[in-house]
Amino acid sequence: VQLVESGGGSVQAGGSLRLSCAASGLTFSLYHMGWFRQAPGKEREFVATISPNSLTTYADSVKGRFTTSRDNAKNTLYLQMNGLKPEDTAAYYCAAGLGSGRLVEKSMYKSWGQGTQVTVSS
């Protein structure tokens, strides 16, 4: 399984970015896909998840600002981030997992990408 994130960068507060995660080596449509982030000196935290049938769950800190979606034909996961804040600055990781319910814990995911950096300046 290979997951490759892209789309990170530096933006000013209030700006937008769209992250992508290209997946290979798995039957993408069967997997729950998640987004996590990790700021320096902090634990990796849940951001969003999308189930195989596109049910979504978000962390309270990003609800209403971030939207995750998937294109099963392209084996690609997306995270649209609007209204970015300096506290959103982190490395963002996509992850793939199998299971039932809403996968919001790191331990539920077996495969991870290398991450893409998002920096939001005030």
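Any read-out appearing in this document is the output of simple, stated calculations on the displayed coordinates, not a laboratory observation. Bear in mind the structure is a predicted one, so any value in this text is a computation, not a measurement. Note that we place each Cβ from the backbone using ideal geometry, even for glycine, and neighbour counts take in every protein chain shown.
Using 1/(1 + (r/R0)^6) with R0 = 22 angstrom and r between the beta carbons of Ser24 and Ser54, what's the FRET efficiency to the nearest 0.05? Here the calculated transfer efficiency is 0.60. Bridging of Lys85 to lysines at a Cα separation below 26 Å is possible for Lys42, Lys63, Lys106, once same-chain residues fewer than 8 apart are set aside. Tell me the trypsin sites (Lys or Arg not before Pro) within the stretch 1-44 that lie in a loop according to DSSP and have at most 12 other beta-carbon atoms within 10 Å. Listed in order of number, the matching sites are Lys42. Each Lys and Arg Cβ is given +1 and each Asp and Glu Cβ -1; about its Cα centre, the stretch 1-115 then shows a dipole of about 100 debye.
Could you compute the net charge surrounding Leu55? Neighbours are other residues with a C-beta less than 15 Å from the C-beta of Leu55; K and R count +1, D and E count -1. Overall, the nearby charge balance is +3. Once the Cα-Cα distance is subtracted from the 0.36 nm per residue extended length, the Glu87 to Ser122 segment shows a gain of 11.6 nm. Each peptide in 97-104, 63-70 was scored by the mean count of other Cβ atoms within 10 Å over its residues; highest first, the order is 63-70, 97-104. Which one of Thr119, Ala95, Ser51 has its Cα pushed farthest toward the positive end of the charge dipole of the chain, where Lys and Arg give +1 and Asp and Glu give -1 at the Cβ? In the chain, that residue is Ser51.
Scaled to the globular estimate 2.2 N^0.38 Å, the Cα spread of the chain, given as radius of gyration, is 0.97. Each part gets one Cα centre, and for the stretch 63-96 versus the stretch 99-113 those centres are 15 Å apart.
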